[in-house]
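Heads up: the structure comes next, in structure tokens.
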Amino acid sequence: MKVIHINYSDNKGGAAKAAYRLHRSLLEFKVNSIMFVNSSEKEDSSVIEVNSLFYKYIQRVKLKFSHFIAKFFLKTDNKIIHSLSIFPSAYVKKINSSDADIVHLHWFQGETISIKDIAKIKKPIIWTLHDMWGFCGSEHISYDNRYLDGYLKTNRPHHESGFDINRWTWLRKLKYWKRPITIVTPSSWLNSSAKNSYLMKNWLIKRIPNCIDLNFWKPVNQNFSREIFNIPKDKKIILFGGAENDAYHKGFDLFKESMETLKNFNLNIEIVIFGNSNSESLSNLAIPVRYIGILNDEFSLKALYSAADVTVIPSRQDNLPNVAIESQSCGTPVVAFRIGGLPDIVEHKKTGYLCNEFDTSDFAKGIRWVLDQDKTKLRNNAVQKINSNFSSKEVIKLYKALYKKTINEFRK
């Protein structure tokens, strides 16, 4: 069996990391797997950049033009990325001429493959959704639930104006995707959302979690980890990753508000933040902050998780965040709101704390609860949860069975 994975990148963003981990796990378990991407950051011969240098330039031009169209014509309070997927690409010809038995789509927006081109693929397809774009309009995250009834003229949210790009994009999906695609969702929440959507309600939808290499992702000695980053050993460390301060769905404002509450407890704590960040926003936090920056290697990331006492994820919406899985695999409990795919990862008061939706007082309470618990018990529970639910071995079994089923049905 030969599988081709399609993703915009092999390392940029959570979807890319999840797709690449699955690809490498398939190879480990003797499945012939390759990955097609626009942009590769890995030195891996099994990852193929489809476009030449010239077409990479053309692709960047197409992407900028697509973003310009979306921003110029659509006025909306939903500032998350909107993808039109309107331009044809070189992918379809390369896929159809290959000897692959099945095509596995992941995050193929960013003008990687157009909506129309998906219908031209002449091989069985599985599509792992990493956000809501597949069954929504052009938005990757929906707060108004138009996807449930279809993008009608009558259910457009009041905060939107201008040309209804979301409805236009959704109608193009409805027009071209006549043949149902086998869908995989990593989280129970996204599974339910896809099954209830107007577009995919009659499609086959399975839940298979993202996998993680448990031979690598495991706890590192905390004292050693703190020495690596020069983190004080006498403080309780709160870890926050991917500080996209202006991303509403990531909830950085909720995190800041919860820190205002937490400072009243007079705990000996420090916040450690890694990833992209706005230094001005970090300076306004109520508790001392240590900014690590972007970590480009996974060993450093593993050590940083191990150095922390708790990892916080204040997202308003999230599918199955790698940060939560990685953190718990390293034995560090997670505090998050009870939203999206977080309940699939965090067991309340066993591997961390699940807070009432967007209740920042409860978020602060959750952090304090974790810091007051027996560290060894929580850490062991967190590791066991990941080992039992996200191991590559079990995930690959599920995918291999689904690949065979999808290929057989396509041949009928």
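Side notes on the structure shown:
- One residue from I231, I237 being part of a strand (DSSP E or B), out of contact with any Phe, Trp or Tyr (no Cβ under 7 Å at 6 or more places or on another chain), surrounded by 16 or more Cβ atoms within 10 Å (Cβ to Cβ) and β-branched (V, I, T): I237
- Single residue of segment 151-169 satisfying the filter (assigned to a helix (DSSP H, G or I) and touching a helix residue (DSSP H, G or I) at 6+ places or on another chain (Cβ under 8 Å)) that is surrounded by the most Cβ atoms within 10 Å (Cβ to Cβ): N166
- For I407, the criteria (1) free of Cβ contacts under 8 Å to residues at least 40 places away in the same chain; (2) in a helix (DSSP H, G or I); (3) surrounded by fewer than 22 Cβ atoms within 10 Å (Cβ to Cβ) hold in every case but one, which is (1).
- Residues that are of a type in the set (F, W, Y), farther than 16 Å from K195 by Cα and crowded, with 23+ Cβ neighbours inside 10 Å, drawn from segment 105-150: W107, F108
- The residues on offer are A401, A382, and the sole one that is assigned to a helix (DSSP H, G or I), among the small types (G, A, S) and closer than 23 Å to L342 by Cβ is A382.
- Of all residues in segment 51-72 being of a type in the set (A, V, I, L, M, F, W, C) and within 18 Å of S83 (Cβ to Cβ), the one that is modelled with the lowest pLDDT: I58
- Qualifying residue in segment 189-198 (condition: of a type in the set (F, W, Y), closer than 21 Å to A382 by Cα, at pLDDT 95 or above and surrounded by fewer than 18 Cβ atoms within 10 Å (Cβ to Cβ)): no
- D131 being of a type in the set (D, E, K, R), touching a helix residue (DSSP H, G or I) at 6+ places or on another chain (Cβ under 7 Å) and modelled with pLDDT of 95 or more: no
- Of all residues in segment 16-44 being modelled with pLDDT under 95 and among the small types (G, A, S), the one that is farthest from K397 (Cα to Cα): S39
- Residue in segment 283-291 that is of a type in the set (K, R), farther than 24 Å from N210 by Cβ and touching a strand residue (DSSP E or B) at 6+ places or on another chain (Cβ under 7 Å) present: yes
- Segment 120-139 - residue that is free of Cβ contacts under 8 Å to residues at least 60 places away in the same chain and not in a loop (DSSP other than H, G, I, E, B) and, of those, nearest to the chain's Cα centre (by Cα): W133
- On inspection, D164 does not qualify as closer than 27 Å to F68 by Cβ, of a type outside the set (V, I, T) and at pLDDT below 95.
- Residue in segment 140-148 that is over 23 Å from D10 (Cα atoms), polar (S, T, N, Q) and not in a helix (DSSP H, G or I) present: yes
- Taking first residues from segment 181-198 that are within 15 Å of P343 (Cα to Cα) and outside any helix (DSSP H, G or I) and partners that are among the basic types (K, R) and at pLDDT 95 or above, the Cβ contacts under 8 Å between residues at least 6 apart in sequence or on separate chains come to T185/K206; T185/R207; P186/R207; S187/R207.
Listed here are the residues, each with its yes/no results for (1) under 20 Å from T376 (Cα atoms); (2) in contact (Cβ under 8 Å) with a residue 60 or more places away in the chain; (3) within 21 Å of the chain's Cα centre (by Cα); (4) assigned by TED's automatic domain parsing to the domain that holds F337.
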{"position": "F229", "(1), (2), (3), (4)": "no, yes, no, yes"}
{"position": "D234", "(1), (2), (3), (4)": "yes, no, no, yes"}
{"position": "I237", "(1), (2), (3), (4)": "yes, yes, no, yes"}
{"position": "G241", "(1), (2), (3), (4)": "no, yes, yes, yes"}
{"position": "D253", "(1), (2), (3), (4)": "no, no, yes, yes"}
{"position": "K256", "(1), (2), (3), (4)": "no, no, no, yes"}
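- Complete set of residues in segment 45-82 that are under 20 Å from E160 (Cβ atoms), in contact with a Ser or Thr (Cβ under 6 Å, 6 or more places away or on another chain) and buried (at least 17 other Cβ atoms within 10 Å of the Cβ): H82
The values are calculated or read from the model by the stated rules, or taken from the named source; none is laboratory data. Just so we're clear, the structure is a prediction, and the values are computed from it rather than from any experiment. Note: ideal-geometry Cβ built from the backbone for every residue, glycine included; neighbour counts use all protein chains shown.
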